[in-house]
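*Asks:* What follows is a single structure, and I will ask about it in a moment.
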Amino acid sequence: MKEDNTAPEINCLNCDLPFEERYAYCPNCGQKAAEDLTFGVLFNNTISNYFSYDARFLKSFIPLVLKPGFVAREFIKGRRLKYLHPAQYYLFVSVIFFFLFSISTRRNTENVDNILEKGLENSRNFSLDSLEGKKMDSIGFAKTIEAIENAQFKMDEEDRKILDSLKNSGGNFNTSFNTVDGVNLGQNELRKLDSLIKIEAPEEEKLAIFGVNEETGMFNKFMAKQALKLYESSGKGILNAFYDTIPISMFFLIPIFALILKILYFKRTKFAHSMVFSFYYFTFLFIVLSLMLLINYIIDIPNWIDWLIGLSTFIYLWISLKRFYEQGYFVSFMKLGILSFVYISFIVPLSLVIMMVVAFATY
């Protein structure tokens, strides 16, 4: 009688195809044959699948940091399973960087919020009629008038007349402050707005102070609403809203960086290759910045060391360009100068303006 050597089979829980029970993984889809779903397994799978946290992370880390341009060059040559994908690497490192960044800037945002609140409160409490009937020495009076003229708010026509009379009085004056309606948000309009806010008036009445009516366009009405929201909250959270735009803006700044590289090296590379280079470089940059934030959080590093580290990132970029695009040091240095000038002088300032507008619009 012939012996049956057929090995027992089981069905894959993922793709439902049969395979021999002795296999630890499904030959078709690669899922593990038997694995109890514990918390440890769930946590490990989450880290591995979302961040690709595996051996390639460490294999990519050391050459990325110590060999400028090497990993990017190896990746475009086809050695793509050996090193972590540039976009995945960037995503993983950027999450760590912005987490540390949010912690390190928390105190700054609180300080800015306090400064804005106090500044706006002083502006609200200030009025020209608070000077009525007072006599000052010449120095104190001159400083007061100068502070009023340099104040960061607009005066209406009546306020300007009172200020002129104060200047002519030489510090001995007795004037009255009259309420008039103006076009701009002068002191009178601000006082009206504060009164409406205090009595919790409808939004339409408060927006009317900004000149909003039924004929106002959608864009102007939206901007007025944001300005009202900013005023009511005394500017609290505006800096944090600006910081929140940085991660999103990087997904536009990196392709622009790669586009400039493509223009500088239009005969030597593809745009996709420049994207690979850019992702790896910004990954390195975020690694350095993350380490700086972490160390500065523990101990305060002298500013000159921070500047040296910042300079080292430019040297790293110079060597990376030389090795990746395979040109001489002098040519690479000249193109680094052009890249830095265009990016820092035009792209970054324009991006900051757009980020401020977005922060105001999403406040």
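*Asks:* Would you check if TYR280 is touching a Gly at 6+ places or on another chain (Cβ under 9 Å), at pLDDT 85 or above, assigned to a helix (DSSP H, G or I) and more than 30 Å from ALA201 (Cβ to Cβ)?
*Replies:* Considered against the rule, which asks whether it is touching a Gly at 6+ places or on another chain (Cβ under 9 Å), at pLDDT 85 or above, assigned to a helix (DSSP H, G or I) and more than 30 Å from ALA201 (Cβ to Cβ), TYR280 comes out as yes.
*Asks:* Return yes when PHE282 is aromatic (Phe, Trp, Tyr) and over 18 Å from the mean Cα position of the chain (by Cα) and no when it is not.
*Replies:* no
*Asks:* In segment 9-28, which residue that is assigned to a strand (DSSP E or B) and not hydroxyl-bearing (Ser, Thr, Tyr) is least open to solvent (accessible area, probe 1.4 Å)?
*Replies:* Applying the filter and picking the extreme gives PHE19.
*Asks:* Which ones in segment 197-215 are over 15 Å from ALA227 (Cα atoms) and assigned to a loop (DSSP other than H, G, I, E, B)? If you could, list the steps in order and put the result at the bottom.
*Replies:* Going residue by residue through segment 197-215, those that are over 15 Å from ALA227 (Cα atoms) are 198-202, 213-215.
Once the filter is applied, which keeps residues that are over 15 Å from ALA227 (Cα atoms) and assigned to a loop (DSSP other than H, G, I, E, B), segment 197-215 yields ILE199, GLU200, ALA201, PRO202, ASN213, GLU214, GLU215.
*Asks:* When you go through MET292, MET275 one by one, which is the residue that is modelled with pLDDT of 90 or more, among the aliphatic types (A, V, I, L, M) and over 19 Å from the mean Cα position of the chain (by Cα)?
*Replies:* MET275
*Asks:* Taking segment 214-265 as the region of interest, how many residues are open to solvent by less than 80 Å² (accessible area, probe 1.4 Å) and under 30 Å from LEU336 (Cα atoms)?
*Replies:* Residues flagged as open to solvent by less than 80 Å² (accessible area, probe 1.4 Å) and under 30 Å from LEU336 (Cα atoms) within segment 214-265 amount to 18.
*Asks:* With PHE70, PHE98, PHE92 as the choices, which residue is under 14 Å from the mean Cα position of the chain (by Cα), within 29 Å of ALA272 (Cβ to Cβ) and among the hydrophobic types (A, V, I, L, M, F, W, C)?
*Replies:* PHE98
*Asks:* Mind listing whichever residues of segment 58-117 are polar (S, T, N, Q) and either without any contact (Cβ under 8 Å) to a residue 40 or more places away in the chain or not in a helix (DSSP H, G or I) (or both)?
*Replies:* Correct list: SER60, GLN88, THR105, ASN111, ASN114.
*Asks:* Moving on to the next point. Contact list please: Cβ distance under 9 Å, first residue in segment 223-249 and closer than 24 Å to VAL95 by Cβ and at pLDDT 85 or above, second residue among the polar types (S, T, N, Q) and in a helix (DSSP H, G or I), pairs at least six apart or on different chains.
*Replies:* Going by the 9 Å Cβ cut-off, the qualifying pairs are TYR243/SER102; TYR243/THR109; PRO247/SER94; SER249/SER351.
*Asks:* Can I ask one more? Considering segment 319-336 alone, what residues qualify as being free of Cβ contacts under 8 Å to residues at least 24 places away in the same chain and surrounded by 11 or more Cβ atoms within 10 Å (Cβ to Cβ)? Give the steps one after another, and end with the answer.
*Replies:* At the first step, the residues of segment 319-336 found to be free of Cβ contacts under 8 Å to residues at least 24 places away in the same chain are 328-334, 336.
Matches in segment 319-336: TYR329, VAL331, SER332, PHE333, MET334, LEU336.
*Asks:* Same structure again: For segment 353-363, which residues satisfy the criterion of being surrounded by 14 or more Cβ atoms within 10 Å (Cβ to Cβ) and out of contact with any Phe, Trp or Tyr (no Cβ under 7 Å at 6 or more places or on another chain)?
*Replies:* Within segment 353-363, VAL358, PHE360, TYR363 meet the criteria.
*Asks:* While we're here: Quick one: count up the residues across segment 197-218 that are more than 16 Å from SER233 (Cα to Cα) and of a type in the set (A, V, I, L, M). Give the steps one after another, and end with the answer.
*Replies:* We begin by selecting, within segment 197-218, every residue more than 16 Å from SER233 (Cα to Cα); these are 202, 204-205, 208-218.
The next check asks that each one be of a type in the set (A, V, I, L, M); those that pass are 208-209, 212, 218.
Qualifying residue count, segment 197-218: 4.
*Asks:* Any residue that is assigned to a helix (DSSP H, G or I), touching a residue at least 40 places away in the same chain (Cβ under 8 Å) and surrounded by fewer than 19 Cβ atoms within 10 Å (Cβ to Cβ) - is there at least one of those in segment 296-312?
*Replies:* Yes: one or more hits.
*Asks:* Give segment 286-295 a look and list any residue that's of a type in the set (Val, Ile, Thr) and open to solvent by 60 Å² or more (accessible area, probe 1.4 Å), or say none.
*Replies:* Within segment 286-295, just ILE295 meets the criteria.
*Asks:* Determine whether MET355 is over 22 Å from HIS85 (Cβ atoms), touching a Ser or Thr at 6+ places or on another chain (Cβ under 8 Å) and touching a residue at least 12 places away in the same chain (Cβ under 8 Å).
*Replies:* So MET355 passes the test.
The values are calculated or read from the model by the stated rules, or taken from the named source; none is laboratory data. Quantities reported herein were computed from a predicted structural model and do not represent experimental measurements. For neighbour counting, all protein chains shown are included, and Cβ atoms are generated from backbone atoms with ideal geometry for every residue, glycine included. Surface areas here come from the heavy atoms of the whole protein model, side chains and all, with no ligands, DNA or RNA. Shrake-Rupley method; radii C 1.70, N 1.55, O 1.52, S 1.80 Å.
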